[in-house]
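A.B. asks: Shown below is the structure under consideration.
Throughout, read-outs are computed from the coordinates displayed, never taken from laboratory work. These figures come from a predicted structure and were not determined experimentally. Cβ: placed from backbone, ideal geometry, glycine included. Neighbour counts: every protein chain shown.
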Amino acid sequence: MAASQHVGGRMLTYKLNFDTVNAQEIYKWKAVKCFQDNWNLDAENFSKMLIASFKMTENLLLSGQYFPLRMLKYYSVHQPTKLRKLFKNLFNEDEGIIERVTNFKNGISKINDELLPGKKSYQDHRAIIVYLTLRYPERYFFYKFKMFKQFSEKLDLIYKPIKGHKENIGHFNSQCEIIRHELSLDQKLIMLHKNRISYDCYFDENLNILTQDFIYAVANHLKPEIVPVLETTSITDVEEVLSSELIVKADKYNFKGRIVNYVHNDIENKRIGDLGELWVMKYEINKLKKANKHNLIDYIKHISKNEGDGTGFDIKSFDNKGTPIFIEVKTSTGTKNSTFFITKNELERSRIEKENYYLYRLYYNQTTDTADLLIINGDLTQLCEFPATYKICLTD
C-alpha cells in the first residue's frame, strides 16, 4: 500500500521524539552544507577539494566494514583526472539516474582494478546516492537498503526491496516523494524543523533531508511500533471498454493566454500519478487473488519504477486467464471528462501489444484512497487523432 496511508500516527511519534532523533541525525544537514560550500569540479587540486567536501560525511559513508569514503579519497589522490570525469558524468542531470549510477559504478571498478586489484571499492547504490544527494539535496534522498527494507516491512508497502537491485532506487524515490507531501502539511513539524537549522546546516527548503530523516526514524528509532492495518483497494465504480468503442471529441482552438505555474503542477501531477500507480498495483494483486492466480502475484512488475519512463506502459500484470498484460495508468482527481495525454511510446506500445494493452483511466480520491476506474483495452490509435504538441528536430 502507499506509505502515505500510515504516515499520520508515526508523524506524531516522530514529533514527540524530535529532539532525541535530531541529536543523532543533525549531522546530515551539516554534511550537505559542508559539501555545498566546498565542492568545485574545476578545482586545480581535485583531491584536496574532494576531501574538504566530504569532511562531514563519515556517518553517511563509514560504518562497520563499510569504507566508500576511504576508497574515494584514495582514488582522488592516485587517479584524480579519471575520478573527476566520473563525478562530472554522475552529476549530469540530462541523463537518466539508473544509467549514471551504473556508469559510475563501472568506472570506479576500472579504477579500483588498476590501483587495488582484488580489493572492494564499496561504491554501491547507497554511496552513489549519497554523492547525488550531497550535490542535489533538492532532488534526491539519502538512501540505505536496510533502512528502506525495514520501513517497507513496518508499513507493509507493496514493493519489497531486494539487496543490490537497482530497482530499489526508483521505488525509494517514489515513496519519498509521497511522504514528503504528507510531512509538508504538518505546520508544527515544519516549525520544529526550521528551528533546528543553524548557520552550519543546509537549509532544507524542499524537505528532502527531513523526509529521509523521518523514514530512518521510523525504521530505526521510533518506539513503540504502530502496527498498520491492511486495507484492500476500494473501488467506487469500474467500467471496461474496448478502445474501438470510444468516441473522441477534438478540442476547439483557443488562443487565450494563461499564466500557469507549470513547475508546481508537474510536481503535483507526478505525486498523484505515483499514488494512482500504487493503487493499480493493489488492484491487480486483489484481482489475481480473486481469480485464484496467487502464483502470478510475485510476477507483477511496477515497470515505471523498476526501469523508468519511456517503456510505453507502467505496470506488467496478468489477466484472469494468466496472460501477460501491459497497463498504462493515467490518474487525475478530476471527472471522467478531464483531458489526459498519451505519449508517442505509449501509443506505439498499444499498437504492438493490441488486445494485451490496457489503459487504466483512474479518477482518484487521495483522502479515502478510493477511485473510479475506466479500463480501455486495445490499440489507442483512434484516441490519438488530435496532437497537442509537435516534436521538431533541427539539423545544420
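A.B. asks: Starting from a Cα-only point model with no solvent, please compute log10 I(q)/I(0) by Debye for the stretch 40-165 at q = 0.11, 0.15, 0.18, 0.19 1/Å.
C.D. replies: Result of the Debye calculation: -0.40, -0.73, -1.04, -1.15.
A.B. asks: I've got another one for you. Gain in length, Asn220 to Tyr66, computed as 0.36 nm per residue apart minus the alpha-carbon separation, to one decimal in nm?
C.D. replies: Going from the current span to full extension adds 53.6 nm.
A.B. asks: Measure of size requested: the Rg and Dmax of the chain, with Cα atoms as the atom set and Å as the unit; please supply both.
C.D. replies: In Å, with Rg to one decimal and Dmax whole: 23.3, 66.
A.B. asks: Can I ask one more? For Glu348 and Ser109 in the same chain, what is the full-extension length gain: residue separation times 0.36 nm, less their Cα-Cα distance, in nm?
C.D. replies: 82.3 nm
A.B. asks: Through the Karplus equation 6.51 cos²θ - 1.76 cosθ + 1.60, θ set to phi - 60°, convert the phi angles of the stretch 318-330 into ³J(HN,Hα) values in whole Hz; use x for Gly and Pro.
C.D. replies: 9, 7, 5, 8, x, 7, x, 10, 10, 10, 9, 9, 10
A.B. asks: Running Debye on the stretch 235-383 with equal point scatterers at the Cα sites and no solvent, what base-10 log of I(q)/I(0) appears at q = 0.12, 0.15, 0.21 Å⁻¹?
C.D. replies: With no solvent term, the Cα-only Debye profile gives -0.52, -0.82, -1.55.
A.B. asks: Also, I was wondering about something else. How large is ³J(HN,Hα), in whole Hz, for each residue of the stretch 41-48 in order, when computed from phi with the Karplus curve 6.51 cos²θ - 1.76 cosθ + 1.60 and θ = phi - 60°, using x for Gly and Pro?
C.D. replies: Taking θ as phi minus 60°, the curve returns 4, 9, 4, 5, 9, 5, 4, 4 Hz for the stretch 41-48.
A.B. asks: Also: Under 5 Å between amide hydrogens, which residues at least 5 positions from Thr370 or on another chain qualify, with H placed 1.01 Å from N in the peptide plane?
C.D. replies: Close amide H contacts, sequence-distant or interchain: Asn365.
A.B. asks: On a straight-distance basis, which aspartates and glutamates could pair with Lys85 in a cross-link, Cα separation under 20 angstrom, same-chain partners fewer than 8 positions away excluded?
C.D. replies: The qualifying aspartates and glutamates are Asp42, Glu44, Glu93, Asp94, Glu95, Glu99, Asp113, Glu114, Asp124.
A.B. asks: Determine the gain in length on full extension of the stretch Lys163-Leu12; use 0.36 nm per residue of separation and subtract their C-alpha separation, reporting nm with one decimal.
C.D. replies: So the extension gain works out to 51.3 nm.
A.B. asks: Name the long-range amide H neighbours of Asp319: under 5 Å, sequence gap of 5 or more, or other chain; modelled H, no Pro or chain starts.
C.D. replies: Ile325
A.B. asks: Across the stretch 348-363, in residue order, what do the Karplus-derived ³J(HN,Hα) couplings come to in whole Hz, using 6.51 cos²θ - 1.76 cosθ + 1.60 with θ = phi - 60° and x for Gly and Pro?
C.D. replies: Going residue by residue, I get 5, 4, 5, 5, 6, 7, 6, 5, 9, 9, 10, 9, 9, 8, 10, 10 Hz, with x marking Gly and Pro.
A.B. asks: Would you mind telling me the antiparallel percentage of the DSSP bridges in the stretch 235-383, rounded to 5?
C.D. replies: 50
A.B. asks: In Å³ and rounded to a whole number, note down the convex hull volume per residue for the Cα atoms of the stretch 3-220.
C.D. replies: Normalising the Cα hull of the stretch 3-220 by residue number yields 119 Å³.
A.B. asks: Please work out the FRET efficiency for the pair Ser184 and Lys321, using the Cβ-Cβ distance as r and a Förster radius of 30 Å; give the result to the nearest 0.05.
C.D. replies: Approximately 0.10, to the nearest 0.05.
A.B. asks: Determine which lysines satisfy two conditions relative to Lys163: a Cα distance under 21 Å, and not lying fewer than 8 residues away in the same chain.
C.D. replies: The reachable lysines, counting only those whose Cα sits under 21 Å from Lys163, are Lys105, Lys119, Lys120, Lys144, Lys146, Lys149, Lys154, Lys301, Lys305.
A.B. asks: Then there is this: Using helices alone, what [θ] at 222 nm do you get for the chain, with -39,500 (n - 2.57) per DSSP H run of 4 or more residues, divided over all residues and rounded to the nearest 500?
C.D. replies: That comes out to -15000 deg cm²/dmol.
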